[in-house]
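Asks: Have a look at the structure that comes next, please.
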Amino acid sequence: MTIKVGDRLPEASFKIMTADGPGEISTRDLTSGKTVVLFGVPGAFTPTCHMNHLPGFVEHAETLKSKGVDTIAVLSVNDVFVMDAWEKASNTGGQIQFLSDTAAEFVEAAGLGLGPAPIFGHVRSQRFALIAKDGEVTFLAIEETPGEATKTGAAAILEALG
């Protein structure tokens, strides 16, 4: 069952790259006492994710933060090393936190898994975007058409924030 507005985000552990190498952050640590924009993508470096979805959030990061967003995070089922390489290649200036949901723990618990898709070989994340306040979902959008990032893009999040 897919999470919905009013639900709490499922507890999960994400892999992140730190100055000391791979580390972890929990859903609770990511969201506790914060307003978080979390968007999920099927894969790092894939065309829509890399050239459309992520760039909109990088471009509008300051505006999102001026509207009360504490953290902007992108999630994928890629490993932490791929996510780190994607962050470096995307010149985000540290504005976006890159989360690796390596075992699809979060996307499966949230009902946001995709697949297993033949092109990816295993379960990935649907393309989604949500706003969570202190871990509670206040906005959720899921793309229905592959290759699009309209309902889940930065512009849609800005509109939802008012």
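The values are calculated or read from the model by the stated rules, or taken from the named source; none is laboratory data. A quick note: this is a predicted structure, and the numbers were derived from the prediction, not measured. Cβ atoms come from the backbone with ideal geometry, glycine included; neighbour counts cover every protein chain shown. Accessible surface areas use protein heavy atoms only, side chains included; no ligands, DNA or RNA. Shrake-Rupley method; radii C 1.70, N 1.55, O 1.52, S 1.80 Å.
Asks: Take peptides 52-60, 138-146, 87-95, 123-131 and line them up by average Cβ neighbours within 10 Å, highest first, as a rough protection proxy.
Replies: Numbers: 52-60: 19.1, 138-146: 15.2, 87-95: 13.2, 123-131: 23.1.
Ranked from most to least packed, the peptides come out as 123-131, 52-60, 138-146, 87-95.
Asks: Let me ask something else about it. Name the shape class, rounded, prolate or oblate, that the alpha-carbon gyration tensor gives for region 64-117, where a ≥ b ≥ c are the square roots of its eigenvalues, rounded holds for a/c under 1.5, and otherwise prolate holds if a/b is larger than b/c and oblate otherwise. Kindly include the intermediate steps, with their values, before the conclusion.
Replies: Details: a/c = 2.92, a/b = 1.39, b/c = 2.10.
Cα axes put region 64-117 in the oblate bin.
Asks: Something else: Sum up the lysine pairs in the chain that clear both bars: alpha-carbon distance under 23 Å and a spacing of 8 or more or different chains.
Replies: 17
Asks: With the cut-off at 1.5 for a/c, could you classify region 1-143 from its C-alpha gyration tensor as rounded, prolate or oblate? Before the final figure, lay out each step's value.
Replies: On the way: a/c = 1.28, a/b = 1.05, b/c = 1.22.
It comes out rounded by the Cα gyration axes.
Asks: Another question, if that's okay. Nearest 500 deg cm²/dmol is fine: what mean residue ellipticity at 222 nm does the chain get from its DSSP H runs of n ≥ 4 alone, each adding -39,500 (n - 2.57), divided by its residue count?
Replies: Working: 6 runs with 41 residues, N = 162.
Taking each H run of at least 4 residues, the total per residue is -6000 deg cm²/dmol.
Asks: Rounding to the nearest 20 debye, state how big the charge dipole of region 1-80 is about its Cα centre with +1 on each Lys and Arg Cβ and -1 on each Asp and Glu Cβ.
Replies: Values: 7 positive and 9 negative charges, 57 e Å.
Rounded to the nearest 20 debye, it is 280 debye.
Asks: Next up: Per residue, how much accessible area does the chain have with a 1.4 Å probe, in Å²?
Replies: That works out to 46 Å² per residue.
Asks: Output the relative contact order of region 90-162, whole-number percent, from Cα pairs under 8 angstrom with separation of 6+ residues. Write out the running numbers ahead of the final one.
Replies: On the way: 68 pairs, mean separation 12.7, N = 73.
With pairs under 8 Å counted, the relative contact order is 17 percent.
Asks: Along the charge dipole of the chain, which of Gly135, Phe45, Ser26 sits closest to the positive end, that is, farthest toward it, with unit charges on the beta carbon of Lys, Arg, Asp and Glu (+1, +1, -1, -1)?
Replies: Checking the options against the dipole of the chain, the answer is Gly135.
Asks: Is there a quick way to get the dipole size of the chain? I mean about its Cα centre, with the Cβ of Lys and Arg at +1 and of Asp and Glu at -1; what is the value in debye to the nearest 20?
Replies: Around 220 debye, computed over the chain.
Asks: Relative contact order, percent, of the chain when contacts are C-alpha pairs under 8 Å separated by at least 6 residues? Kindly include the intermediate steps, with their values, before the conclusion.
Replies: Values: 320 pairs, mean separation 50.9, N = 162.
31 percent.
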